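Here's the structure we're looking at; comments come further down.
The values are calculated or read from the model by the stated rules, or taken from the named source; none is laboratory data. In this text, all values refer to a predicted model and were calculated from it rather than measured experimentally. Methodologically, a virtual Cβ is constructed for each residue, glycine included, from the backbone with ideal geometry; neighbour enumeration extends over all protein chains shown. Ligands, DNA and RNA are stripped out before the accessible areas are found, and what is left, the full protein with its side chains, is counted by its heavy atoms. Shrake-Rupley method; radii C 1.70, N 1.55, O 1.52, S 1.80 Å.
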Protein chains: 2
Amino acid sequence: MARPKPISGFPEFLPAGRMVEQRVLDIISSTAELHGLASVETRAVERLEQLTRKGEIDKEIYVVRRLHAESSDVDELALHFDLTVPFARYVLENSGHLHFPFRRYQVQKSWRGERPQEGRYREFTQADLDIVGSGTLALHHDAELPLVALEAFERMHRDLGLPPVLMRLGNRKLAQGFYAGLGIDDPAAVLQRVDKLDKIGPDGVSALLRDQLGMDDAQVRAALALARIHSTDLSFVDEVTALGVRNPLLEEGIAEVSSVLSAVSAQFPGRIAADLRIARGLDYYTGTVYETELVGFESIGSVSGGGRYDALASDGKNTYPGVGLTIGVTRILAPLVGRGHLGATRSVPSCVLVAVDAEDTRPAADDVARQLRARGIACEVAPKADKYGKQIRHADRRGIPFVWFGDSVKDIRTGEQQEADPGTWEPPVGDLRPGITAAW
Amino acid sequence: MARPKPISGFPEFLPAGRMVEQRVLDIISSTAELHGLASVETRAVERLEQLTRKGEIDKEIYVVRRLHAESSDVDELALHFDLTVPFARYVLENSGHLHFPFRRYQVQKSWRGERPQEGRYREFTQADLDIVGSGTLALHHDAELPLVALEAFERMHRDLGLPPVLMRLGNRKLAQGFYAGLGIDDPAAVLQRVDKLDKIGPDGVSALLRDQLGMDDAQVRAALALARIHSTDLSFVDEVTALGVRNPLLEEGIAEVSSVLSAVSAQFPGRIAADLRIARGLDYYTGTVYETELVGFESIGSVSGGGRYDALASDGKNTYPGVGLTIGVTRILAPLVGRGHLGATRSVPSCVLVAVDAEDTRPAADDVARQLRARGIACEVAPKADKYGKQIRHADRRGIPFVWFGDSVKDIRTGEQQEADPGTWEPPVGDLRPGITAAW
């Protein structure tokens, strides 16, 4: 068999890259659990009809079918394209067994049959954080999820050396109320066009608003002025008010942004800003919306987004409002690992290679390894009783820092060797696990 | 939307069941890493031609296709049905970047389009442990993987209350050599029929061997006698020798089983036995083979199996021999959680619910939560400033053991309340994380 080639859009890591991913996922999971979010996993497939309800995205769906399907296979199945639709289904299916507000996180792969391009993947890992109520869900939860996500991003920044993030906070009510107050009939159409500001600039957006929606100069000016508002503190309130538009939904939106921004920026000053251009494409958001970028790596796009949906799911009797945030793990790591920004100090978990003197003394080496492992020190025993120089090279190639010989241990980076007892020896704390390396 | 129904063969856990699974996966991953196995994840899909090479299983394959596929989509993709085929492909694809012997573990889902039945799943999680060499791979690795797997099973037994296991050890060379020594041309055909011993009994197997393979009485007696040999120590050697068959491959097989059995049973006495009936269906095994059952739950089938393959992969220039063991996580947990044998003491990670006195004092409750989390104590803040009785019921329904009120904390199981400082208070160590409950 010839060497297989990668499949475009399906990234895979070498072991060192996978270590970076494991560490990032550990941080996300442990942070979510500290905040009382329970882990949920859903199956990879949903019924096709469930996935095509939203209409627009059906061409990106991967259908799944038995190679020799029979007519008796009634369910048409497809791979989920996000974790929100499966979670909404899970909530409805299990509502009698869940306690609301239900707090969960979910780390899984999703699949989209997109034409692959920079930053778009056909298979990608996401971490979703959601809080779902039955009937109602208080606004303070809209501040709670950014606090979880920013705490995780802060740990990635501090402990692993990833870039810091900036979360942008918008609100559907604020934008819709503002446009309604301007006398515009279809606020969604405006949002959609203002969303292109980064791509086509203010002149381009002005032209669209004028030509396609028939907005007058004053309306266009106001829409662009709103979109330009960006502030890390409550000064945005005065800026909006100064635009002279009055509308009850607008007031409600301003109050919601103020409340979320105050609560989050008190804990993470400078990491969150009101940014009134943010609307997000998906039409189920009804209030707060979030977008997040890696500072200095804005070109890779939003690495975490989400918002409030007044009806994540409904079974006729009950409606389940929710607020959710997705962290795009593959979106972050595939480029940063791929370009060599992030890596690991070694390609194996082992902190120690236990050398083997001769094959008939292998049990003694195994015994050293057992004693080290019993105290949480990852190690492996040399596969062959080669010359010591060769065994040291075996460790060196993998980045294993220590080699154990008989009753002594050698730090192969410094050459320093000391007598040691496998029942008590401890490596420096920084060497116990592989370290994550960052180079910018 | 009506309440969705589960899809047969695609098990999902409620949060408490998922906690059991998380804990089992933690044990497997951390044990594998202590032994220097690196984590690998491969994409969910392979090229269809890669998956259908073995021929027999193609009807169980799930093909994946874009809903609106175009003729320009050249790669036909399918979901992997195990983790061995993707791993063999990963080794070939990345051989220039890996160091051999390469030690990896891989925890992922696989998919098979089977007709669902007890113990068969269409989506299931497996944990694979493999060591792969380039050109050669020493026999001592055949003992290494059972040591890793049994250490993980032992921790599941001791720490989570799962049943103990019995691993059965066989060897293809031993069986093939024995049958060849008996003068039988097609040892594989014998193995296949002897494998049915549990299902159809010795009389049924005798009939098959006589009628289908034309074996004479002495040959049938010898084959059945070999299949009956089961010993936790080296006494199997004398039992085989007593059958009077002589063959070089048989001798080699006996030596291999002896070596693996001695090394493993020295660490885990009673947990491994030579069982010369074990052959395993897959035709790529060439030496050692393993099967493992949960003691008392033999009816759920083999929960861990694998073996030695002299050619896991080959690219023409190089051959990569390997030894591997799979732990069937879904195979173990779907029935044990589903029948209520395993569960968790609470359905949320939170150890503490911080009560809220009135909505305007919520920031004080948030601050308590922050101090607890900073010291690794998972908690959540009450979603609503309800009466205290209602907040306690909120905790109780989720199994959260502690409720924090102002400057005191109450164990709601005992009713005991004490003054406490969120900067120093520690819960009993057994309450910090959800406990796993076992009931047999």
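Just a few scattered comments:
- Test: A:ALA218 is at negative phi, in the same structural domain as A:ASP185 (by TED's automatic domain parsing) and either of a type outside the set (A, V, I, L, M, F, W, C) or exposed (fewer than 14 other Cβ atoms within 10 Å of the Cβ) (or both): yes
- Restricted to segment B:321-440, the set of strands (runs of 3 or more DSSP E) holding at least 3 residues that are open to solvent by less than 50 Å² (accessible area, probe 1.4 Å) comprises B:342-344, B:352-354, B:379-381, B:402-405, B:408-411.
- Residue check, B:LEU147 touching a residue at least 40 places away in the same chain (Cβ under 8 Å), out of contact with any strand residue (DSSP E or B) (no Cβ under 9 Å at 6 or more places or on another chain) and within 11 Å of chain A (Cβ to nearest Cβ): yes
- Restricted to helices (runs of 4 or more DSSP H) entirely inside segment A:200-291, those with at least 2 residues that are more than 16 Å from A:ALA188 (Cα to Cα) and in contact with a Lys or Arg (Cβ under 7 Å, 6 or more places away or on another chain) are A:248-267.
- Scanning segment B:1-36 for residues that are open to solvent by 20 Å² or more (accessible area, probe 1.4 Å), of a type in the set (A, V, I, L, M, F, W, C) and outside any loop (DSSP other than H, G, I, E, B) yields a count of 3.
- Within segment A:6-51, if we keep just the residues that are of a type in the set (S, T, N, Q) and at the interface with another protein chain (Cβ under 8 Å from one of its Cβ atoms), the residue that is farthest from B:ALA344 (Cα to Cα) turns out to be A:GLN50.
- Residues that are in contact with a Pro (Cβ under 9 Å, 6 or more places away or on another chain) and modelled with pLDDT of 95 or more, drawn from segment B:268-287: B:PHE268, B:GLY270, B:ARG271, B:ILE272
- Residues located in segment B:77-120, provided they are open to solvent by 10 Å² or more (accessible area, probe 1.4 Å) and more than 10 Å from chain A (Cβ to nearest Cβ): B:PHE81, B:ASP82, B:THR84, B:VAL85, B:VAL107, B:PRO116, B:GLN117, B:GLU118, B:GLY119, B:ARG120
- Residue list for segment B:54-95, restricted to those being out of contact with any strand residue (DSSP E or B) (no Cβ under 8 Å at 6 or more places or on another chain) and modelled with pLDDT under 95: B:LYS54, B:GLY55, B:GLU56, B:ILE57, B:ASP58, B:HIS68, B:ALA69, B:GLU70, B:SER71, B:SER72, B:VAL74
- Within segment A:221-273, the set of residues being closer than 14 Å to A:GLY177 by Cα, within 26 Å of the chain's Cα centre (by Cα) and open to solvent by 10 Å² or more (accessible area, probe 1.4 Å) comprises just one member, A:GLU256.
- Some residue of segment B:141-149 being open to solvent by 10 Å² or more (accessible area, probe 1.4 Å) and under 22 Å from B:ARG339 (Cβ atoms): no
- Segment A:236-275 - residue that is among the β-branched types (Val, Ile, Thr) and either touching a residue at least 60 places away in the same chain (Cβ under 8 Å) or touching a His at 6+ places or on another chain (Cβ under 7 Å) (or both) and, of those, nearest to the other protein chains (Cβ to nearest Cβ): A:VAL264
- Pairing residues of segment A:91-105 that are aliphatic (A, V, I, L, M) with residues that are assigned to a helix (DSSP H, G or I), at Cβ distances under 9 Å and at least 6 apart in sequence or on separate chains, gives A:LEU98/A:TYR90; A:LEU98/A:VAL91; A:LEU98/B:PRO15.
- Here is the figure for segment B:90-101: residues that are closer than 21 Å to B:HIS141 by Cβ and either of a type in the set (D, E, K, R) or touching a Phe, Trp or Tyr at 6+ places or on another chain (Cβ under 6 Å) (or both) total 1.
- Count - residues of segment B:166-204 that are under 30 Å from the mean Cα position of the chain (by Cα), β-branched (Val, Ile, Thr) and surrounded by 19 or more Cβ atoms within 10 Å (Cβ to Cβ): 2
- Set side by side, the residues A:GLY119, A:GLY36 differ, and just one is small (Gly, Ala, Ser), modelled with pLDDT of 95 or more and under 25 Å from the mean Cα position of the chain (by Cα), which is A:GLY36.
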